[in-house]
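K.L.:
Please see the structure below; I have some questions.
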Amino acid sequence: MNVTVVIPTYNESGNLAPMAEAILALPVPGLRLLNVDDESPDGTGRLADELAAASSGRIAVLHRRGRRGLGLAYVDGFRRALDSGADAIVQMDADFSHSPADIPRLLEKLADCDIVVGSRYTAGGSVDDDWGRGRLALSRSANAYARTLLGLKTRDATAGFKAWRRSALEAVGLERIRSNGYLFMVEMTYVCERLGLRIGEVPIHFTERRTGRSKMSLRAKVEAAAGIFGVWRRHHRLRPAA
C-alpha cells in the first residue's frame, strides 16, 4: 500500500527536519511525505527542498504562493497525493502535537474504516497538561458546539490528525469543500457522515508544539464557529450513495 503523509507548513523550520526523520523511520512500507509550504518567511520551504533532495524520492514538496490557509493546503496536498497514486493519505501537523508514532495505529484501523480520526476526545484520548483548564474548556466547547449544531457522531469533530482511504477522499469530492482554516476539519467530518462513510476513532495524546508559535488565534476560532451554519446549509441534503 502506498501511503502519503500530507503536512502543511508555515514557519515550521524548527520542526520539519525532525518530523520528516521520525515519519520516514516508521515501519510502514510505501510511506512517503508531502510537505505543502506557503512561502514560509523562515525558510521552511527551502529546508523542505533540501530534505526532499536527500530522501531518495520519499519526500516531495508542494510550494504555494502566499499564505493561502490550512484548508486549501490540505485540499491541494490531497489532490497531489491522489494524482501520485496514494492508496491512503494521512493528514497531520508539523509541530509534533500529533505524534508520528501514532501513524501505524491509524493505518491499522483504516482496514475496517474509510476514515480514521486521531481523537483527543474518545475514550483513552488526552491533551497536554500544559494546556490549562481555560484552553481545554475552549477546545471542548468548540468541539461540542460543532457536534451539536451539525448532529455529528464523531467525538473529535475538529481533529486535524486523520487517515483516509483513497476511495473516501474521492467520495467526498474535494471540489465541494469551501472552508479554509480550522473549519475545514469540521466540514470534512460532516460531509463524511452525511455520505455514510465509516469513521473510526483512535485515542491519541495531543501534546504542546515543540517549537514556534501556534497559528490558532482567537479570531480563527470565532470565524470557525461562525461558519458552522454555512457548512450545514451546503451539505445537509447529502445522502449516502445508493
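K.L.:
Any idea how many residues of the range 133-155 are in contact with a strand residue (DSSP E or B) (Cβ under 8 Å, 6 or more places away or on another chain) and not charged (D, E, K, R)?
P.N.:
3
K.L.:
Looking at E201, E175, can you tell me which residue is surrounded by fewer than 20 Cβ atoms within 10 Å (Cβ to Cβ) and out of contact with any Gly (no Cβ under 6 Å at 6 or more places or on another chain)?
P.N.:
Of E201, E175, the one residue that is surrounded by fewer than 20 Cβ atoms within 10 Å (Cβ to Cβ) and out of contact with any Gly (no Cβ under 6 Å at 6 or more places or on another chain) is E175.
K.L.:
Answer with yes or no whether G125 is modelled with pLDDT under 95 and crowded, with 16+ Cβ neighbours inside 10 Å.
P.N.:
no
K.L.:
For A142, work out the one condition from (1) at pLDDT 90 or above; (2) surrounded by fewer than 24 Cβ atoms within 10 Å (Cβ to Cβ); (3) not basic (K, R) it doesn't fulfil.
P.N.:
(1)
K.L.:
Okay, next question. Of the residues in the range 34-55, how many are part of a helix (DSSP H, G or I), in contact with a strand residue (DSSP E or B) (Cβ under 8 Å, 6 or more places away or on another chain), of a type in the set (A, V, I, L, M) and touching a residue at least 24 places away in the same chain (Cβ under 8 Å)?
P.N.:
2
K.L.:
Is it fair to say A146 is within 18 Å of M92 (Cα to Cα) and touching a residue at least 12 places away in the same chain (Cβ under 8 Å)?
P.N.:
No.
K.L.:
Still on this structure, please answer the following. So which of A86, A73, A101 ends up being touching a residue at least 12 places away in the same chain (Cβ under 8 Å) and in contact with a Ser or Thr (Cβ under 7 Å, 6 or more places away or on another chain)?
P.N.:
None of the others qualify; the one that does is A86.
K.L.:
Could you tell me whether A22 is outside any loop (DSSP other than H, G, I, E, B), out of contact with any Phe, Trp or Tyr (no Cβ under 9 Å at 6 or more places or on another chain) and modelled with pLDDT of 95 or more?
P.N.:
So A22 fails the test.
K.L.:
So, one more: When the range 206-231 is examined, which residues are found to be in contact with a Gly (Cβ under 9 Å, 6 or more places away or on another chain) and either more than 25 Å from L16 (Cβ to Cβ) or modelled with pLDDT of 95 or more (or both)?
P.N.:
E223, A224, G227
The values are calculated or read from the model by the stated rules, or taken from the named source; none is laboratory data. Note that the coordinates shown come from a computational prediction; the quantities given were computed from them, not determined experimentally. Don't worry about glycine lacking a Cβ; one is built from the backbone with ideal geometry, like all the others, and counts go over all protein chains shown.
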